[in-house]
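See structure below.
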Amino acid sequence: MSVHGIRVKVNGQLCERRVEARTTLADFLRNELELTGTHLGCEHGVCGACTVLLNGTAVRSCLLLAVQADGADVLTVEGLAQGERLHPLQKAFQDHHALQCGFCTPGFLMTALAFLKENPRPSEAQARDAISGNICRCTGYQPIVQAILQAAVEITSSPAGAESRKY
Ligand code: FES
Ligand code: FES
């Protein structure tokens, strides 16, 4: 068993740990750092529930090893809200009832976050395409798409939204 020291900034906080080479980034976040908001569904890159941002890019944390995140910046769903204030995406998901059981939600939020950073004023078709790699068994997707479009407006038009663009 090989063990490696890694330093990862997670949600703005520097974490130094020793991990087995085979530990996935998802297991590292959930088991080592107790950030259980990152969910594991399929564990082979299909469902998107485990999506986090790695240096600003949406990645499937079940497909990455923790050692591959050494030296990187990771953002998980726990890093979205600022205290009691929800991120505009979280607020829009709440407003549009874009979640039911919520299992898929962290993955959708992080996927949408990276998408809106690249594409701040998307069309409905673009929003649909952006989430096409994430699976939800409950909502039928329409409320999720509407939530992403609402968040796009909020992020690009309000001071609070502008603050959330730092991600
Ligand atoms: S748990 Fe990673 S993509 Fe499904
Ligand atoms: S809200 Fe249940 S899987 Fe998406």
Quick one: how many residues across the stretch 38-53 are more than 17 Å from V74 (Cβ to Cβ) and either open to solvent by 30 Å² or more (accessible area, probe 1.4 Å) or assigned to a strand (DSSP E or B) (or both)?
5
Suppose the filter is within 15 Å of ligand 2 (Cβ to nearest atom), polar (S, T, N, Q), closer than 23 Å to C62 by Cβ and touching a strand residue (DSSP E or B) at 6+ places or on another chain (Cβ under 7 Å); does T111 pass it?
yes
Out of curiosity, is A162 aliphatic (A, V, I, L, M), modelled with pLDDT under 95, open to solvent by 20 Å² or more (accessible area, probe 1.4 Å) and more than 16 Å from ligand 1 (Cβ to nearest atom)?
yes
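Residue-wise test of (1) out of contact with any Ser or Thr (no Cβ under 8 Å at 6 or more places or on another chain); (2) touching a residue at least 60 places away in the same chain (Cβ under 8 Å); (3) not aliphatic (A, V, I, L, M).
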residue: G71; (1), (2), (3): yes, yes, yes
residue: E78; (1), (2), (3): yes, yes, yes
residue: F93; (1), (2), (3): no, no, yes
residue: G102; (1), (2), (3): yes, no, yes
residue: F115; (1), (2), (3): yes, no, yes
residue: S123; (1), (2), (3): yes, no, yes
residue: A130; (1), (2), (3): no, no, no
residue: L149; (1), (2), (3): yes, no, no
When you scan the stretch 21-36, do you find a residue that is crowded, with 20+ Cβ neighbours inside 10 Å and under 22 Å from K117 (Cα atoms), even just one?
no
For the stretch 4-45, how many residues meet the condition of being farther than 13 Å from Q68 by Cα and β-branched (V, I, T)?
3
Cβ pairs under 7 Å, 6+ apart or interchain, first in the stretch 1-25 and at positive phi, second among the charged types (D, E, K, R) and in a helix (DSSP H, G or I), ordered by first then second residue, are N11/E78
Quick test for you: out of Q90, Q100, pick the one residue that is polar (S, T, N, Q), within 16 Å of ligand 2 (Cβ to nearest atom) and either open to solvent by 60 Å² or more (accessible area, probe 1.4 Å) or over 24 Å from G12 (Cβ atoms) (or both).
Q100
Checking G56 against (1) surrounded by fewer than 24 Cβ atoms within 10 Å (Cβ to Cβ); (2) more than 18 Å from I131 (Cα to Cα); (3) within 12 Å of the chain's Cα centre (by Cα): exactly one of these is not met. Which one?
(2)
Residue tally, condition farther than 16 Å from L53 by Cβ and among the aromatic types (F, W, Y), over the stretch 7-29:
0
Counting only residues that are more than 17 Å from D27 (Cα to Cα) and either open to solvent by 70 Å² or more (accessible area, probe 1.4 Å) or at pLDDT 95 or above (or both), which one in the stretch 59-82 is farthest from the chain's Cα centre (by Cα)?
G71
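The values are calculated or read from the model by the stated rules, or taken from the named source; none is laboratory data. Keep in mind that what you see is a predicted model, and the values were worked out from it rather than measured. Note that each Cβ is placed from the backbone with ideal geometry, even for glycine, and that neighbours are counted across all protein chains shown. The protein model used for the area step is the full one, side chains on, heavy atoms only, and it has no ligands, DNA or RNA in it. Shrake-Rupley method; radii C 1.70, N 1.55, O 1.52, S 1.80 Å.
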